[in-house]
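Novice: My structure is below; once you've seen it, I'll send some questions.
The values are calculated or read from the model by the stated rules, or taken from the named source; none is laboratory data. These figures come from a predicted structure and were not determined experimentally. So basically every Cβ, Gly included, is an ideal-geometry build from the backbone, and we count neighbours across all protein chains shown. All accessible areas refer to the heavy atoms of the entire protein, side chains included, with ligands and DNA or RNA removed. Shrake-Rupley method; radii C 1.70, N 1.55, O 1.52, S 1.80 Å.
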Amino acid sequence: MTKLQTLIPLIQATNHTPGLDPGKVEFSGAYVSDLLSDVMGSASSGQVWVTIMRHLNVVAVASMTGITAIIFAKGVVPDADVIEKATEEGILLLSSPMETFNVSGIIYQTLND
Amino acid sequence: MGEYWNIKPELEDSVKQHFSAPPEAEVELEFEVPEKDFNTAGRGSSEVKDLLKRLGVDSETLRRIAVASYEAEINLAAHSKGGVMSCMIYDDLIHLRFLDKGPGIEDITQAMIPGYSTADELVREFGFGAGLGLPNIQKNSDALHIQSAKGSSTLLELLIFFSAP
Ligand SMILES: Nc1ncnc2c1ncn2[C@@H]1O[C@H](COP(=O)(O)OP(=O)(O)OP(=O)(O)O)[C@@H](O)[C@H]1O
Ligand SMILES: [Mg+2]
């Protein structure tokens, strides 16, 4: 298990859910996809999810799938309603200015350190 | 009229028993699922998930129920003129029914193929339309039943047992 907090500086991430503490969230792996049904079919609970999709549905998908944090790549920033729903559901939202490939590479490295 | 069944072989007896003589449900809930409203679609699944969590259903079963239910709700919003989700909770299982107002599925076997999708531009913008929803529903359910025809409503119902009976 890796602490989400470890990842934040490495991907230059901003936490949009200040009510949730990334120091308390651990993850065991990651899934990368922008197709919501693909995520629900293949991501596992306890993983983080890297995507550029930012509609409110991403929170529902994460919640149904047991995903602990969504990492928006390419500087995608979620709207206020998405942040509110995610906070309610206890799902951390991070944004990284890096592209999906780089975010994923850094997560991979962090997990395998 | 097309009909599709998929039942886990080891649960066939329990499933047949349930459908032939359904007992009185402990809890019954109903939710409207309006057409093309991807925020309202999912409310039912979310409420049912919270309720089952309070009732002590284990997290892996909860996850299977939530995913199957959410995919079915999204399909109503994405592909039908809207419909109703009904949830019947028993001691040992949950029975979810989704009945919409059409336009129906012409070929259910084709619709079940991973990657097959008729999703329009709007649905795809929301991140749906991979053609994986029905396969996900099947993968997570112990029993799946779909009844439909071109020009009529679609009924999708599924059973998930809380623990192997
Ligand atoms: N309730 C429904 N009414 C009419 N057609 C449906 C209904 N549910 C599914 N379908 C048809 O079956 C196809 C496959 O459904 P499925 O859920 O597998 O994929 P999708 O909804 O297109 O994409 P995804 O679920 O991956 O977002 C749909 O594209 C649609 O043509
Ligand atoms: Mg679908």
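Novice: Cβ-Cβ under 8 Å, sequence separation 6+ or interchain: first residue in region B:106-128 and facing chain A (nearest Cβ under 10 Å), partner surrounded by fewer than 17 Cβ atoms within 10 Å (Cβ to Cβ). Which pairs?
Specialist: Taking only residues 6 or more apart or on different chains, the pairs are B:Gly127/A:Asp34.
Novice: Ok, one more. Out of the residues in region A:27-54 meeting the condition of being aliphatic (A, V, I, L, M) and more than 13 Å from A:Val103 (Cα to Cα), tell me which one is most open to solvent (accessible area, probe 1.4 Å).
Specialist: We begin by selecting, within region A:27-54, every residue aliphatic (A, V, I, L, M); these are A:30, A:32, A:35-36, A:39-40, A:43, A:48, A:50, A:52-53.
Restricting the remaining residues to those that are more than 13 Å from A:Val103 (Cα to Cα) gives A:35-36, A:39-40, A:43, A:53.
On the way: A:Leu35: 79, A:Leu36: 1, A:Val39: 0, A:Met40: 2, A:Ala43: 2, A:Met53: 34 Å².
Within region A:27-54, the match that is most open to solvent (accessible area, probe 1.4 Å) is A:Leu35.
Novice: Further question on the same structure: Filter the helices (runs of 4 or more DSSP H) completely within region B:41-139 down to those with at least 1 residues that are within 11 Å of ligand 2 (Cβ to nearest atom) and among the hydrophobic types (A, V, I, L, M, F, W, C).
Specialist: On the way: elements: B:43-54, B:59-79, B:108-111, B:121-125.
Hits in region B:41-139: B:59-79, B:108-111, B:121-125.
Novice: Go over the candidates B:Val48, B:Val57 one by one and state the one that is out of contact with any His (no Cβ under 6 Å at 6 or more places or on another chain) and open to solvent by less than 20 Å² (accessible area, probe 1.4 Å).
Specialist: On the way: B:Val57 fails: open to solvent by less than 20 Å² (accessible area, probe 1.4 Å).
The conditions single out B:Val48.
Novice: Just to confirm my filter: which helices (runs of 4 or more DSSP H) fall fully inside region A:1-107 and include at least 3 residues that are more than 16 Å from ligand 1 (Cβ to nearest atom)?
Specialist: A:4-10, A:80-89
Novice: Assess whether B:Lys16 counts as being more than 14 Å from chain A (Cβ to nearest Cβ), outside any strand (DSSP E or B) and within 16 Å of ligand 2 (Cβ to nearest atom).
Specialist: Numbers: more than 14 Å from chain A (Cβ to nearest Cβ): yes; outside any strand (DSSP E or B): yes; within 16 Å of ligand 2 (Cβ to nearest atom): no.
So B:Lys16 fails the test.
Novice: If you don't mind, there's one more thing I want to ask. Check A:Val25 against each of (1) over 12 Å from the mean Cα position of the chain (by Cα); (2) β-branched (Val, Ile, Thr); (3) under 30 Å from B:Leu51 (Cα atoms) and name the one condition it does not meet.
Specialist: Checking A:Val25 against (1) over 12 Å from the mean Cα position of the chain (by Cα); (2) β-branched (Val, Ile, Thr); (3) under 30 Å from B:Leu51 (Cα atoms), the one that fails is (1).
Yes/no matrix, rows are residues, columns are (1) within 22 Å of B:Gly127 (Cβ to Cβ); (2) open to solvent by 10 Å² or more (accessible area, probe 1.4 Å):
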| position | (1), (2) |
| --- | --- |
| B:Glu71 | yes, no |
| B:His79 | yes, yes |
| B:Gly82 | yes, no |
| B:Met85 | yes, no |
| B:Met88 | no, yes |
| B:Leu93 | no, no |
| B:Leu99 | no, yes |
| B:Gly102 | no, no |
| B:Glu106 | no, yes |
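Novice: Next question, about the same structure. Within region B:36-44, is even one residue more than 14 Å from chain A (Cβ to nearest Cβ), buried (at least 17 other Cβ atoms within 10 Å of the Cβ), more than 13 Å from the chain's Cα centre (by Cα) and not polar (S, T, N, Q)? Talk me through it step by step, then tell me what you get.
Specialist: Within region B:36-44, the first condition is being more than 14 Å from chain A (Cβ to nearest Cβ), and the residues that meet it are none.
No, every residue in region B:36-44 fails to be more than 14 Å from chain A (Cβ to nearest Cβ), buried (at least 17 other Cβ atoms within 10 Å of the Cβ), more than 13 Å from the chain's Cα centre (by Cα) and not polar (S, T, N, Q).
Novice: Evaluate region A:64-81: report whether one residue or more is surrounded by 19 or more Cβ atoms within 10 Å (Cβ to Cβ), within 22 Å of B:Leu132 (Cα to Cα), within 13 Å of chain B (Cβ to nearest Cβ) and small (Gly, Ala, Ser).
Specialist: First pass over region A:64-81, keeping only residues surrounded by 19 or more Cβ atoms within 10 Å (Cβ to Cβ): A:64-65, A:67-73, A:78.
Still in the list and also within 22 Å of B:Leu132 (Cα to Cα): A:64-65, A:67, A:70.
Restricting the remaining residues to those that are within 13 Å of chain B (Cβ to nearest Cβ) gives A:64-65, A:67, A:70.
From what's left, small (Gly, Ala, Ser): none.
Scanning region A:64-81 turns up no residue that is surrounded by 19 or more Cβ atoms within 10 Å (Cβ to Cβ), within 22 Å of B:Leu132 (Cα to Cα), within 13 Å of chain B (Cβ to nearest Cβ) and small (Gly, Ala, Ser).
Novice: Take the conditions more than 12 Å from ligand 1 (Cβ to nearest atom), more than 13 Å from B:Ala77 (Cα to Cα) and either buried (at least 17 other Cβ atoms within 10 Å of the Cβ) or within 9 Å of another protein chain (Cβ to nearest Cβ) (or both) and apply them to B:Asp142. Does it pass?
Specialist: For B:Asp142, the condition - more than 12 Å from ligand 1 (Cβ to nearest atom), more than 13 Å from B:Ala77 (Cα to Cα) and either buried (at least 17 other Cβ atoms within 10 Å of the Cβ) or within 9 Å of another protein chain (Cβ to nearest Cβ) (or both) - is met.
Novice: Which one is farthest from ligand 1 (Cβ to nearest atom) among residues in region B:88-105 that are more than 14 Å from chain A (Cβ to nearest Cβ) and under 10 Å from the mean Cα position of the chain (by Cα)? Write out each step before concluding.
Specialist: The first filter runs over region B:88-105 and keeps only residues more than 14 Å from chain A (Cβ to nearest Cβ), leaving B:88-95, B:97-105.
Then keep just the ones that are under 10 Å from the mean Cα position of the chain (by Cα); that gives B:95, B:97-99.
Details: B:His95: 18, B:Arg97: 12, B:Phe98: 7, B:Leu99: 9 Å.
Per the stated criteria, the residue is B:His95.
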